[in-house]
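The values are calculated or read from the model by the stated rules, or taken from the named source; none is laboratory data. From a predicted model like this one, the values you see are computed outputs, not experimental measurements. Cβ: placed from backbone, ideal geometry, glycine included. Neighbour counts: every protein chain shown. These accessible areas exclude ligands, DNA and RNA; they are computed on the full protein's heavy atoms, side chains included. Shrake-Rupley method; radii C 1.70, N 1.55, O 1.52, S 1.80 Å.
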Amino acid sequence: MKQKDLLAVLSDCVVSVFATVAGLSVRLIETALKDNHACERDYSAAIDMKELATGAAALCMPSALARRVASKLTSQAGTELTEEALRDAQGELVNQIVGSAKVKLENTPFHFVMGTPRTYRGTAESFTDTLDLPCVRQIFACECDELTLLVAMRSVDGIPVDGFDGASTDRGADAADKGQRGAEGLDEGVGLFVTECEEFLDVLERALMTLEKEPGDMGCVAEVFRILHTIKGNSKVFGFDKLNVLVHRTEDVVRKVRDGEIQVSGEMIDAFLSSVDTIKELVADIREGRESSLDLEALTLKLASVLGEGAGGGGDEAGVLEIEDDMQEIVDGFVVESQEYLEKLDQDLVELDRTPDNMDLVNSVFRAFHTMKGNSKALGFEKLNTLVHRTEDIIRKARDGEMKLNSAILDVVFKSVDLIKELVNDVKERRKSTQDFGSMTARLKDALEGRVGGEPKEQKLHIDEEMLEIVDGFVVESEEMLAQLDRDMVSLDESPENPDIIGAVFRAFHTLKGNSRALGFGALEELVHSTEDIIRAARDGKTKLRPESIDVVLRSIDLIKLLLDDIKKRVLSTLDLSGIKAELKLAFEEKWDALKALREKASKAEAAAPQQARKTASTTIRVDINKLDDLISTTGELVLNRNRLLNLVQLMEQGAPEVDVGEALNEIFAQTNILVSDLQSSVMSTRMQPIGKVFSKYPRVVRDLARDLNKEIELKISGEETELDNTIIEEIADPLIHLVRNSCDHGVETPDERRAKGKPARGTVALMAYQEGNFVIIEIRDDGKGMDPEVLKEKAVSKGLITEQQAKTMPKGDALLLIFAPGFSTAEKVTAVSGRGVGMDVVKTNIAKLNGIIDLDSEKDKGTTLKIRLPLTMAVTTGLEVEIGDERYLIPQEAIVEIVRVPPKAYSTVVKERTFLFRNQYWNPLVVLKEVLGTRTNGREQGEHAYIVVLGMVEKRMGVLVDNVHQQHEVVLKPLGKYVANFAPPETNGATIMGDGSVELILNPNHLIGLTSEQKAAM
Amino acid sequence: MAGRADKEYLGSSVGKVGIAIDVESVQEVFEARLITRLPGCPAFVSGMINIRGSVIPVLDLLKVFDPAAAVKRVAILKTSEGLVGLLIGVLDDLLRFDSLEQGGAVPDVLKGVGHVLGPKGVAGGREYYLVDVERMIASTLPHKAQ
């Protein structure tokens, strides 16, 4: 190819490239003009920078030249920035510069440039018309210390380049002009591209740090996307393929975040930052003019795993796995061997779960993974190899003692083994794996780094210290508002046009919206706002509230509660609000069919996903200011009493004879006694909360249930003001919900069934609470179908819970209590609501933990009444002190029915028979406490009385035989502590400290009563 | 193995042999008069004591419990399972070791805790075996039982 032709081709090519670059460079030219302070001084006042930059870019003028042009133009007063003026100025300058450069370059060889040269060598002589060069891609102009507009060419394959003939100025200038424009522009373009990239990358890094702190900041996401998109486009223009691919992969992830398909996570930010670092290195390589040797496989995999894809980018398409003929047998062998390893791994891992410290097992498991890793690598099964490798890493850590294996970690390993099995099976079937193992690799990474568990890592919500109290107050107030909103929305269901309720609901949402905005909780504010819109439309008469819209609002309230919960826990919410937002929008626009379709889809997804408990124990409670005043007053009096004591001590030291110490002490003690009791009551009362706190949730629960079950159920509540210890209230909430749901599901019949029985179609569930002495009774009563004791017994026998013989003699009360036995469920079909047979026994256990007792009565077709008796408080209890041998124990007073004295002559009979006659009416079982507690010494003398303490729970009666009984004590319950909890001794509930400083154990009456059933069964 | 001259240990005699506990693991040494037996727990759990209103379990891992003794010496240890008391024998002075050496046969009196003993050092002419408190407590827990 002749040089002339080549240059023409190259020039055209370069010009078109440069034109593209120029289009991007208006900003850069403008920046360059402004950055050059000398220029600014010279011509900033005279010339519109933006106009000049635009004109320069249109002429494909590099910024350096633009500066010179600007300077030239300002020296010519009155020059207008027309294209012609700019071109003329450029032309003049180019000629000047080329001329001076030519002189510089004499005797310096020219070379065509391939790639990104920083330097050039060329001679004027070597640049002739007889250029003959293959494969020249680009021409660059390089700048030397002065503005040089030159074509620099580098020879390829050692063929010398005919040089630039500076003599024919026109042609040279023309060529130089074109070449210069193109060449210098392109190199300048690359230089500009590199500079621009570096600037972008700094901005990008800062944006990613912001995104890490505020993953919901979509503005930030958009900025990140824009930057990556620009770099991607530019790198494509300049042919930097490696860079382009990496930026493209990164941009793909950001696009998905921007489109709401995935959420920002810690792992994602890590991947992005790694990507930014790698992009920086690639850009540095471009700047230095060297080929990048970076291996991007690991980073690509990382980005793919964040995207949730398999290795190699997007989901692999299903297809045939091609295996060469001579490899078939080897691959088959690999499959067989791997399957054997996997089978053994299953067994070994189960064993390892039981004995995680068994190093032989750990080594064996490691070897299996290690072998499979090597084999899969050798055969080129990359996905399989990666998965096995990641799993092996975990076992290696355990083998090297850097990590302890536990069930959670082994769970991840088990799942990985399952996936490995599937991949091996794919190989066996000769099909390409379409398994998504991105999330598995992420879980393996989490397990390796000690972040096991199903829960995604929670990111902390940062709140300034001075705002903490305000935020806490906001949370408490909002929770109260939401509880009221629940009730109001249920009322609106009955009367959707009630303006008072609508007004109240609107005001509540409005307040919530304002408060969350003020505190910067954007996501919360947005959700509340969307919900408020629906209520506003109803308030303004633009729409009528329908059950569907009430449903959506109630669901929104649920999500608002969860968001508040996250704020309370100080974690950034990871809730997906896109679904509810879409529903709110459809409800607002009254698109009922679309809403219904969306709801059905969402319900399916909710049914498939496991229910996640998101209970956060409350660490704050509201206390009536009057109670606090009482506390302060009582404390004040105690201080006065202390001063009296002090005075007395001083008088004693002075030896004042007129003081009767005994009398004075008695008086002070009496006063102190009263004050301490008052103080104790006052402090206890601050923890007392009305049970209405729990009851307030039930209208909503019953309403939702009734709709789900197509029943009509009215909920009646009374006694909400009954107070209970806050701890008990929090613990009773779950069991109570379960019992109420049970009443609705299994108790109350459908309207048709009820009408057939002559009952009103609408069933009633009544929830009551009242105080009885030191106890609170909670009653759940329904007028449903009741329970048939015979049916219950039959079911229990069929499930092997009781024998037929036991069923024959079992009284009605005991039969009804069978529903609390583990594994018992009479539901003919398990509904989503209840009936899985795991609920009631857990309810019973939870209530027992609170020292509560359940009483049940039921009549077929009339209804069921369930009573729960709970102590007012768990901190203090009254107990009867009993003596067994040398030891003393306390038995909680509430479990004691009576104390019976055993005359000496009856003692041995009673011990032998293990029964006693209660009130000369019933024979009841007896437990010898000495044997149960393993008391070794027998302090009882022959001829002394013994005592039976009769314990009662519901209808059950039993006795415990003790050597002696002493007085009742009101004692403070002390937990036995974390260490002892490991052994969970069933005989004791806790301990207390007596007046003499000794520790006395409090017996567990439920356990003792349970012993008699075992005793019976053994007989 | 060089001992750390700045590290102090609580020394106690078990028969003719001594044990040393890193003093940073020890909250206090308490002289208990009453230990309330706790039914339903393994034999090495002697019982519970009251320390300023808290109920603390007491373990007899060194087999020094003497029911007849009027005062039982309990080292209250700070562990990951909360405060746990360890019955100890005669209390020695606070010890420092210039050097520690590994291995050697575990004396019979310490066989019960042999698996949690560390290196031994000599102070005041007597050998003391260092006790790893966390390991000792962990080894008594149910799921760790062999």
**Asked** Residues in the stretch A:510-519: is at least one in contact (Cβ under 8 Å) with a residue 40 or more places away in the chain, part of a strand (DSSP E or B) and open to solvent by 30 Å² or more (accessible area, probe 1.4 Å)?
**Response** no
**Wholly enclosed strands (runs of 3 or more DSSP E) of the stretch B:1-76 bearing at least 3 residues touching a residue at least 12 places away in the same chain (Cβ under 8 Å) and within 14 Å of chain A (Cβ to nearest Cβ)** = B:26-32, B:45-51, B:54-59
**Message:** I'm trying to understand the selection: among the residues of the stretch A:905-922, which are among the polar types (S, T, N, Q) and farther than 20 Å from residue A:956 by Cα?
**Reply:** A:908, A:909
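The rows are residues; the columns are (1) facing chain B (nearest Cβ under 7 Å); (2) free of Cβ contacts under 8 Å to residues at least 40 places away in the same chain; (3) open to solvent by 50 Å² or more (accessible area, probe 1.4 Å); (4) more than 49 Å from the chain's Cα centre (by Cα).
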| site | (1), (2), (3), (4) |
| --- | --- |
| A:961 | no, no, no, yes |
| A:965 | no, no, no, yes |
| A:970 | no, no, yes, no |
| A:979 | yes, yes, no, no |
| A:999 | yes, yes, no, no |
**Fill in**
Given the conditions (1) modelled with pLDDT of 85 or more; (2) in contact with a helix residue (DSSP H, G or I) (Cβ under 7 Å, 6 or more places away or on another chain), every one holds for residue B:95 apart from (2)
**Asked** Considering only the stretch A:981-997, how many residues are part of a strand (DSSP E or B) and at the interface with another protein chain (Cβ under 8 Å from one of its Cβ atoms)?
**Response** 3
**Asked** Just to be sure, is residue A:353 free of Cβ contacts under 8 Å to residues at least 24 places away in the same chain, surrounded by 15 or more Cβ atoms within 10 Å (Cβ to Cβ) and farther than 30 Å from residue A:325 by Cα?
**Response** no
**Message:** Could you go through the stretch A:552-571 and let me know if any residue there is over 26 Å from the mean Cα position of the chain (by Cα), open to solvent by 70 Å² or more (accessible area, probe 1.4 Å) and in contact (Cβ under 8 Å) with a residue 24 or more places away in the chain.
**Reply:** no
**Asked** Does the stretch A:733-780 hold any residues that are free of Cβ contacts under 8 Å to residues at least 12 places away in the same chain and open to solvent by less than 10 Å² (accessible area, probe 1.4 Å), and which are they?
**Response** A:754
**Asked** Any residue in the stretch A:941-950 that is more than 18 Å from residue A:878 (Cα to Cα), within 14 Å of chain B (Cβ to nearest Cβ), of a type in the set (A, V, I, L, M) and crowded, with 21+ Cβ neighbours inside 10 Å?
**Response** no
**Item:** Positions within the stretch A:349-364 being part of a helix (DSSP H, G or I) and more than 19 Å from residue A:422 (Cα to Cα), in sequence order
**Value:** A:350, A:351, A:352, A:353, A:354, A:359, A:360, A:361, A:362, A:363, A:364
**Message:** Among the residues of the stretch B:92-113, what is the count of those that are within 21 Å of residue B:75 (Cβ to Cβ) and either open to solvent by 70 Å² or more (accessible area, probe 1.4 Å) or in contact with a Phe, Trp or Tyr (Cβ under 9 Å, 6 or more places away or on another chain) (or both)?
**Reply:** 13
**Prompt:** Tally time: how many residues in the stretch A:191-231 are farther than 19 Å from residue A:572 by Cβ and of a type in the set (D, E, K, R)?
**Reply:** 8
**Fill in**
Within the stretch A:916-930, residues under 14 Å from residue A:1007 (Cα atoms) and within 14 Å of chain B (Cβ to nearest Cβ) come out as A:927, A:928, A:929
**Request:** Check whether at least one residue in the stretch A:896-911 is closer than 30 Å to residue B:35 by Cβ, under 52 Å from the mean Cα position of the chain (by Cα) and more than 14 Å from every other protein chain (Cβ to nearest Cβ), and report yes or no.
**Result:** yes
**Message:** I want to confirm something. Restricting to the stretch B:115-139 and keeping residues that are in a helix (DSSP H, G or I) and open to solvent by less than 20 Å² (accessible area, probe 1.4 Å), which single residue is nearest to residue B:21 (Cα to Cα)?
**Reply:** B:133
**Prompt:** Is it the case that the stretch A:574-595 has a residue that's in contact with a Lys or Arg (Cβ under 6 Å, 6 or more places away or on another chain), modelled with pLDDT of 85 or more, open to solvent by less than 50 Å² (accessible area, probe 1.4 Å) and over 29 Å from residue A:477 (Cβ atoms)?
**Reply:** no
**Message:** Suppose the filter is assigned to a helix (DSSP H, G or I) and either out of contact with any helix residue (DSSP H, G or I) (no Cβ under 9 Å at 6 or more places or on another chain) or basic (Lys, Arg) (or both); does residue A:404 pass it?
**Reply:** no
